[in-house]
1. Based on this model, can you work out whether Lys331 counts as more than 21 Å from Gly235 (Cα to Cα) and either crowded, with 17+ Cβ neighbours inside 10 Å or not hydroxyl-bearing (Ser, Thr, Tyr) (or both)?
2. If I ask for residues that are over 30 Å from Gly64 (Cβ atoms) and either of a type in the set (Val, Ile, Thr) or modelled with pLDDT under 95 (or both), which ones from segment 155-166 would you list?
3. Count, please, the residues in segment 209-253 that happen to be open to solvent by 10 Å² or more (accessible area, probe 1.4 Å) and farther than 22 Å from Gly295 by Cα.
4. Condition first: over 25 Å from the mean Cα position of the chain (by Cα) and in contact (Cβ under 8 Å) with a residue 24 or more places away in the chain. Now tell me which residues in segment 195-217 satisfy that.
5. Just for strands (runs of 3 or more DSSP E) wholly inside segment 1-97: which have at least 3 residues that are more than 29 Å from Asp291 (Cβ to Cβ) and among the aromatic types (Phe, Trp, Tyr)?
6. In contact with a strand residue (DSSP E or B) (Cβ under 6 Å, 6 or more places away or on another chain) and either open to solvent by less than 40 Å² (accessible area, probe 1.4 Å) or aromatic (Phe, Trp, Tyr) (or both): is that true of Ser204 in this structure?
7. Which condition breaks for Glu341 when tested against (1) closer than 18 Å to Ile202 by Cβ; (2) open to solvent by 20 Å² or more (accessible area, probe 1.4 Å); (3) charged (D, E, K, R); (4) under 19 Å from the mean Cα position of the chain (by Cα)?
8. Based on this model, can you work out whether Ile34 counts as open to solvent by 40 Å² or more (accessible area, probe 1.4 Å), of a type in the set (Val, Ile, Thr), on the phi < 0 side of the Ramachandran plot and within 22 Å of the chain's Cα centre (by Cα)?
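The values are calculated or read from the model by the stated rules, or taken from the named source; none is laboratory data. What you see is a predicted model, and the numbers here were worked out from it, not measured in a lab. With ideal geometry, Cβ positions are generated from the backbone for all residues, glycine too; neighbour counts draw on all protein chains shown. The area values use the complete protein model at the heavy-atom level, side chains included, leaving out ligands, DNA and RNA. Shrake-Rupley method; radii C 1.70, N 1.55, O 1.52, S 1.80 Å.
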Amino acid sequence: MIRPEYLIEKLREEGIDCFAGVPDSLLKNICAYITDHFDARHNIIAANEGTAIGIAAGHYLATGQPACVYMQNSGEGNIINPLASLTDPEVYNIPVLLLIGWRGRPGVHDEPQHVKQGKVTTGLLNTMGINFDVLSKDEDKAGKQIAKAVAALKNKEVYALVIEKDTFEDYKLQNVEHNDLAMSREEAIQTVAAALGERDCIVSTTGMISRELFEYRAAMNQGHERDFLTVGSMGHASQIALGIAMAQPERRVWCFDGDGAAIMHMGSMAIVASKEPRNLVHVVFNNGAHDSVGGQPTVGLKIDLPAVAKAVGYKATVSVDNKADLVSALKGIGDGPILLEVKVKKGNRKDLGRPTTTPIQNKEALMQFLKK
């Protein structure tokens with residue numbers, strides 16, 4: 001295995017000292033090392049992977065030095081446009097180093113949402129004309145691959161290092177941002193789910209939120225047919241919820257979102273507001289962290305999400321940070337679109353399980369429920 005500091009210090013020796021991206025579980029040790037050793041000007045956790053490419057391009061324009069963009073392979077879709085129309089040799093010819101976590105690599109067991117992405121990870125790079133290496137787990141071999149990548153960057157190329165599971169040694173984040181909030185996300189999810197009507201349905205975002213909702217239903221001996229667990233497609237849950245809400249205006253639809261997901265495609269809030277769905281409640285469980293991939297910080301607790309929602313046209317907004325206020329807010333839910341921000345502490349149960357139904361089973365059960 002490779003020491004995280006080995007890779008990062010090799011890059012720093014070559015003048016690569018600016019990092020941007022979206023944290024990934026396979027890169028959590030690297031991301032933690034970067035967080036501890038680079039200031040906020042040199043490590044920017046971006047809204048999404050495409051915007052990270054923009055940051056890298058700006059850094060190159062200002063300094064003449066390439067930047068490094070880190071991401072899970074699920075983020076490849078977000079980078080295709082800026083790679084093709086910004087950094088490409090036929091456009092601005094801007095070098096960028098990509099670190100891509102290879103979830104769902106063929107032959108390695110992973111969750112359903114990563115299977116297809118794993119199959120097409122290297123194919124997408126080939127299609128985009130981006131040279132790459134799968135980073136070796138041996139430091140000597142990895143060193144040669146890093147040198148090859150640096151040479152490509154000096155030739156103004158975009159180059160990718162694809163990262164397999166268990167490539168890096170453990171590194172624990174030292175500069176951990178804590179909040180002093182009392183309510184856990186799981187308690188908040190249970191409180192909201194318990195307040196729903198019999199015909200209400202939920203669209204929950206990827207990561208811990210969907211897992212905690214699934215376990216709540218199981219603990220209460222309830223079925224899962226009212227919940228659409230968006231196990232992938234980070235940032236798109238609110239639009240799935242909007243699609244259901246527009247098609248069935250007499251049914252209340254709840255979107256269980258996370259702060260990182262809501263920020264990733266924040267423009268979606270403007271579309272929700274513009275369609276004025278009276279039956280849509282957008283709940284953002286905000287802990288200021290990408291909790292599912294190592295707890296790296298978001299700007300969720302540093303910005304005013306309700307003010308954003310109000311500015312784009314949500315009919316009402318509420319922000320709570322304790323269970324009593326949450327219960328009170330749920331009793332006063334009126335016509336939407338409504339943004340309900342629930343501020344919660346970081347972390348989750350260590351024994352938290354995963355959904356035991358497949359995505360297709362989940363989809364079919366929800367569709368049957370929506371026929372009622």
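1. Numbers: more than 21 Å from Gly235 (Cα to Cα): yes; either crowded, with 17+ Cβ neighbours inside 10 Å or not hydroxyl-bearing (Ser, Thr, Tyr) (or both): yes.
Criteria met by Lys331.
2. Lys165, Asp166
3. Residues meeting the conditions: 22.
4. Taking segment 195-217 as the starting set, the residues that turn out to be over 25 Å from the mean Cα position of the chain (by Cα) are 195-200.
Residues satisfying the conditions are Ala195, Leu196, Gly197, Arg199, Asp200.
5. Values: elements: 19-21, 43-45, 67-72.
Those strands (runs of 3 or more DSSP E) do not exist here; none qualify.
6. Numbers: in contact with a strand residue (DSSP E or B) (Cβ under 6 Å, 6 or more places away or on another chain): yes; either open to solvent by less than 40 Å² (accessible area, probe 1.4 Å) or aromatic (Phe, Trp, Tyr) (or both): yes.
It is true that Ser204 is in contact with a strand residue (DSSP E or B) (Cβ under 6 Å, 6 or more places away or on another chain) and either open to solvent by less than 40 Å² (accessible area, probe 1.4 Å) or aromatic (Phe, Trp, Tyr) (or both).
7. Only one criterion is unmet by Glu341, namely (2).
8. Details: open to solvent by 40 Å² or more (accessible area, probe 1.4 Å): no; of a type in the set (Val, Ile, Thr): yes; on the phi < 0 side of the Ramachandran plot: yes; within 22 Å of the chain's Cα centre (by Cα): yes.
So Ile34 does not fit the description; no.
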